[in-house]
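As structure tokens, the structure follows; a few thoughts come after it.
The numbers here are math on the coordinates, done by the rules we state, and not lab data. Keep in mind that what you see is a predicted model, and the values were worked out from it rather than measured. Because the Cβ atoms are built from the backbone with ideal geometry, glycine has one as well, and the counts that use them run over all protein chains shown.
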Amino acid sequence: MKEGQRKVEAAVASFGRDVNGWRVGSPFGDAAFFHGDWLMRAAAAQAGILGNDGVEAMYPMAKVDADGQPLDCSKASYTLTFPKGRLPPVEAFWSVTMYDGKTQLLVENPIGRYLINSPMLPTLKTGADGSLTIYIQSKSPGPDRESNWLPAPDGPIYVVMRLYWPKTTPPSILPPGEGTWQPPGIRKT
């Protein structure tokens with residue numbers, strides 16, 4: 001059983017393509033999609049059970065920063081910055097959700113925020129250049145940046161971006177990991 005779990009975890013870690021520290025692929029689908037590949041099916045369930053196929057949604061996942069170092073908010077604070085005009089290209093909506101790296105669960109936090117998403121755009125602050133920066137850290141980045149804060153535990157984390165109904169024309173994340181839009185790397189501050 002331990003060897004089986006190790007294989008599943010290795011498949012999750014290597015699925016798709018590495019794009020700026022994000023794993024970008026489409027591990028979800030119906031029985032025909034899996035073609036009897038039980039390891040891929042187990043990896044998809046381990047990474048996020050009940051995901052949509054790539055046409056309906058893409059789920060880039062980051063367990064490392066842009067430099068390839070494991071995300072750990074006991075050791076660093078992070079930012080995720082979307083340059084002006086380079087928000088996730090979707091027909092529906094997008095979100096960025098942070099999870100505890102140990103439990104794979106959402107994290108209780110003082111402001112009750114578990115994600116930052118496109119419906120929140122009117123309440124988020126942008127930089128002078130029009131960019132949008134999300135602050136991923138265990139302590140508040142300060143009152144002037146708290147609207148863009150994604151509270152993290154004091155330990156390992158991972159981040160999942162959800163792009164619902166991804167655009168198929170440029171800029172697009174499709175085909176998975178090869179599209180004209182790429183998620184920006186998570187940077188240590």
Practice task
Apply the Karplus parameterisation 6.51 cos²θ - 1.76 cosθ + 1.60, with θ equal to phi minus 60°, to every residue of segment 95-112 and state each ³J(HN,Hα) to the nearest whole Hz, in sequence, with x for glycine and proline.
Solution key: 8, 10, 10, 10, 10, 5, x, 8, 9, 6, 10, 5, 10, 4, 8, x, 10, x
Exercise for the section: Grab every C-alpha pair in segment 1-141, bin the distances at 5 angstrom width from 0 up to the longest one, and report whole percents. Expected result: 2, 8, 15, 20, 20, 17, 10, 5, 2, 1, 0
Practice task
Describe numerically, in nm with one decimal, the distance between label points set 7 Å from Cα along Cα→Cβ at K75 and at A32.
Solution key: 4.5 nm
Exercise for the section: Convert each backbone phi in segment 170-186 into a coupling constant with the Karplus relation 6.51 cos²θ - 1.76 cosθ + 1.60 (shift: θ = phi - 60°), then list the ³J(HN,Hα) values in order as whole Hz, x for Gly and Pro. Expected result: x, x, 8, 7, 8, x, x, x, 10, x, 6, 9, 10, x, x, x, 7
Exercise for the section: Quick one: which residues, 5 or more positions from I157 or on another chain, have an amide H under 5 Å from its amide H? H modelled 1.01 Å from N in the peptide plane, none for Pro or chain starts. Expected result: L71, D72, C73, G101
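Grab the DSSP H runs of the chain that are 4 residues or longer, score each as -39,500 (n - 2.57), total them, divide by all residues and round the 222 nm result to the nearest 500 deg cm²/dmol. Don't jump to the answer; show the numbers that get you there.
Numbers: 3 runs with 28 residues, N = 189.
Mean residue ellipticity at 222 nm (helix-derived): -4000 deg cm²/dmol.
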Handout entry: Amide H contacts of V19 (H built 1.01 Å from N, under 5 Å, at least 5 apart or other chain)
Key = V24
Fill in the blank from the handout: If one compares the long axis through the Cα atoms of helix 38-48 with the longest principal axis of the Cα atoms of the chain, the angle in degrees, nearest 10, works out at 20 degrees
Completion exercise
The rounded separation in angstrom of the Cα centers of segment 26-70 and segment 133-173 is 19 Å
Handout entry: Cα long-axis angle, helix 2-14 against the chain (0 to 90 degrees, to the nearest 10)
Key = 60 degrees
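For S138 and K188 in one chain, what is 0.36 nm times their gap in residues minus the Cα-Cα distance, to one decimal in nm?
Numbers: separation 50, 0.36 × 50 = 18.00 nm, distance 1.31 nm.
Contour length minus Cα-Cα distance gives 16.7 nm.
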Exercise for the section: Taking only Cα atoms and a 10 Å spring cutoff, compute GNM fluctuations for the chain and point out the largest among K84, K125, K167. Expected result: K84
